[in-house]
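J.: Pasting in a structure now, in structure tokens, and then I'll have a few things to ask.
Read-outs: derived from the displayed coordinates by stated rules, not from any lab. Since this is a predicted model, take the numbers as computed values, not measurements. Note that we place each Cβ from the backbone using ideal geometry, even for glycine, and neighbour counts take in every protein chain shown.
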């Protein structure tokens, strides 16, 4: 039977669906097509099948970039989550200057990534950087991220955590603020310690928010680029290369658009695998609560 309301609903949402198709589905299909072709400036695209993927998976630098991305992403996500959780718990108490402290903590989100990386780069310059001079005077060591790849990846992780901490902090603070106080008080009356209250009451309520924060940070961190490229362009000798900079080189340095498309699909697959795991966890959590 013809349902006017059904067709009216489809008509009303058609602009959004059309926009999604044009901006997401269309480019995604084109990237898949491009990854199967040899494409560069001034030449016609030539179909080469899976040769781009064979070259990609045979490249040791690609695997180094994948390994670096895996290590840095996990350090970023879990360190940022732990720090944001501790700060959210502290901010959930009443103390003088709470609003000022909260404003300072979320201030990095108002700074562009380019400005933030350039600022930290000069502060930690091995020869003249103020922070490195302080480290040299008080600790007797420096963060030599120009020559040492471990120091470079460590600085990249610190930068990313500093820039994106407000995102995770706001999500966790909002979740912690909604935990019923009477449940905490009841647990304390029953003799539970503060650790048990946190583990049995607070964490049970904020677990979905924690999973959402982890899922989004994994996806965003997988696309890590600005912190690496603006700091040292993946140096020294591409030892701090990540997938984002590897894709950038393929597309805009070597103009190998087919290889760049294949790299982008590999990054997307990695992000989807991570997102699927956390979405499944969220689904199971919602089913158990229901």
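J.: Measuring from label point to label point, each 7 Å out along Cα→Cβ, what is the residue 48 to residue 237 span in nm?
T.: 2.7
J.: Return 203, 267 ranked ascending by Cβ neighbour count within 10 Å, so the fewest neighbours appear first. Display every interim value, and only then the final one.
T.: Working: 203 14, 267 20.
The most exposed by this proxy come first: 203, 267.
J.: If you don't mind, there's one more thing I want to ask. Over region 68-187, what relative contact order in percent results from Cα pairs under 8 Å that are six or more residues apart? Before the final figure, lay out the partial values.
T.: Details: 89 pairs, mean separation 47.8, N = 120.
RCO, region 68-187: 40 percent.
J.: Suppose R0 equals 25 Å. What FRET efficiency, 1/(1 + (r/R0)^6) with r the Cβ-Cβ distance, do residue 147 and residue 57 give to the nearest 0.05?
T.: Working: r = 30 Å, r/R0 = 1.19.
So, using R0 = 25 Å, E works out to roughly 0.25.
J.: Something else now. Determine, for 51, 182, the number of other Cβ atoms within 10 Å of each Cβ, and report the residues in order from fewest to most. It would help to have the intermediate numbers written out before the result.
T.: Working: 51 16, 182 7.
Going from least to most buried by this count: 182, 51.
J.: List the extent of the Cα atoms of region 34-73 along each of their three principal axes, largest first, rounded to whole Å.
T.: 38, 18, 14
J.: Here's something else I'd like to know. When the Cα centres of region 76-135 and region 214-290 are compared, how far apart do they sit, in Å?
T.: If you average the Cα positions of each part, the centres end up 23 Å apart.
J.: Under the definition of Cα pairs under 8 Å and six or more residues apart, what whole-number percent is the relative contact order of region 55-289? Kindly include the intermediate steps, with their values, before the conclusion.
T.: Values: 245 pairs, mean separation 64.2, N = 235.
So the answer I get is 27 percent.
J.: First measure r as the distance between the Cβ atoms of residue 83 and residue 178, then evaluate 1/(1 + (r/R0)^6) with R0 = 35 Å and state the FRET efficiency to the nearest 0.05. Intermediate values should be presented prior to the final figure.
T.: On the way: r = 21 Å, r/R0 = 0.60.
Efficiency, rounded to the nearest 0.05: 0.95.
J.: Right, another one. Taking Cα pairs under 8 Å and at least six residues apart, what relative contact order does region 5-157 come out at, in percent?
T.: Details: 67 pairs, mean separation 17.7, N = 153.
So the answer I get is 12 percent.
J.: Can you sort 11, 102 by how many other beta carbons sit within 10 Å, fewest first?
T.: On the way: 11 9, 102 16.
Ranking 11, 102 by Cβ neighbours within 10 Å, fewest first, gives 11, 102.
J.: Can you give the log10 of the normalised intensity I(q)/I(0) at q = 0.11 Å⁻¹, computed with Debye over equal Cα scatterers of region 55-289?
T.: -0.69
J.: Also, quick follow-up: Using the beta-carbon distance between residue 282 and residue 137 and R0 = 41 Å, what value does 1/(1 + (r/R0)^6) give for FRET efficiency, to the nearest 0.05? List each step's numbers first, then the result.
T.: On the way: r = 48 Å, r/R0 = 1.17.
In this case the efficiency is close to 0.30.
J.: Further question: What residue among 106, 24, 171 has the largest mean-square fluctuation in a Gaussian network model of the chain, using Cα springs under 10 Å?
T.: It is 24.
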